[in-house]
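The values are calculated or read from the model by the stated rules, or taken from the named source; none is laboratory data. Since the structure is predicted, the reported quantities are computational estimates derived from the model, not experimental observations. Reconstructed Cβ throughout: ideal geometry from the backbone, glycine too, with neighbour counts over all protein chains shown. What goes into the accessible areas is simple: the full protein's heavy atoms, side chains included, and nothing from ligands, DNA or RNA. Shrake-Rupley method; radii C 1.70, N 1.55, O 1.52, S 1.80 Å.
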Amino acid sequence: QVLLVESGGGWKQAGGSLRLSCAASGRTISTLAMAWFRQAPGQDREFVAAISRGADNTDYTESVKGRFTISRDNAANLVHLQMNSLKPEDTAIYYCAAGGLYYGGNRASQYDYWGQGTQVTVSS
């Protein structure tokens, strides 16, 4: 069983930055593909970013390309999402996800483990 705990969420004005972290326990993340998803009020959960086990493959949803960066620290069992140039439409609960494939891509079904989420609120 893998436990994922997100942190780093909060409130920011548009244009600001936040760094989300996901701490994993129960299994080393070097054996897991990792990703971030988000869910805004009244909307479905959507893919944000993904990274392969070896960090040699990453992907982002179009709306965050050039602003968000996903990274992983396998030694510390952490995954990060650096979010710059935040926009009000980035407001959502952000979830960390992990899966047993080498690379999970943008489909939620590829991920077996999910955190509880961290709230990000961006005001205009």
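Take the conditions farther than 18 Å from T118 by Cβ, of a type outside the set (K, R) and at pLDDT 95 or above and apply them to S85. Does it pass? In short, yes.
Picking from residues in region 110-120 that are within 16 Å of V2 (Cα to Cα) and among the polar types (S, T, N, Q), the one that is farthest from the chain's Cα centre (by Cα) is Q110.
Name every residue in region 28-50 that is of a type in the set (A, V, I, L, M, F, W, C), in contact (Cβ under 8 Å) with a residue 40 or more places away in the chain and in a strand (DSSP E or B), in order of residue number. If you could, list the steps in order and put the result at the bottom.
Kept after step one, since they are of a type in the set (A, V, I, L, M, F, W, C), are these residues of region 28-50: 29, 32-37, 40, 47-50.
Subsequent filtering for residues that are in contact (Cβ under 8 Å) with a residue 40 or more places away in the chain retains 29, 32-37, 40, 47-48, 50.
Within region 28-50, A33, M34, A35, W36, F37, F47, V48, A50 meet the criteria.
Residues in region 71-101 that are in a strand (DSSP E or B), more than 17 Å from V2 (Cα to Cα) and open to solvent by less than 10 Å² (accessible area, probe 1.4 Å): 4 in all. Of everything in region 1-42, what is surrounded by 16 or more Cβ atoms within 10 Å (Cβ to Cβ), closer than 21 Å to N74 by Cα and among the charged types (D, E, K, R)? Give them in sequence order. E6, the sole residue that qualifies.
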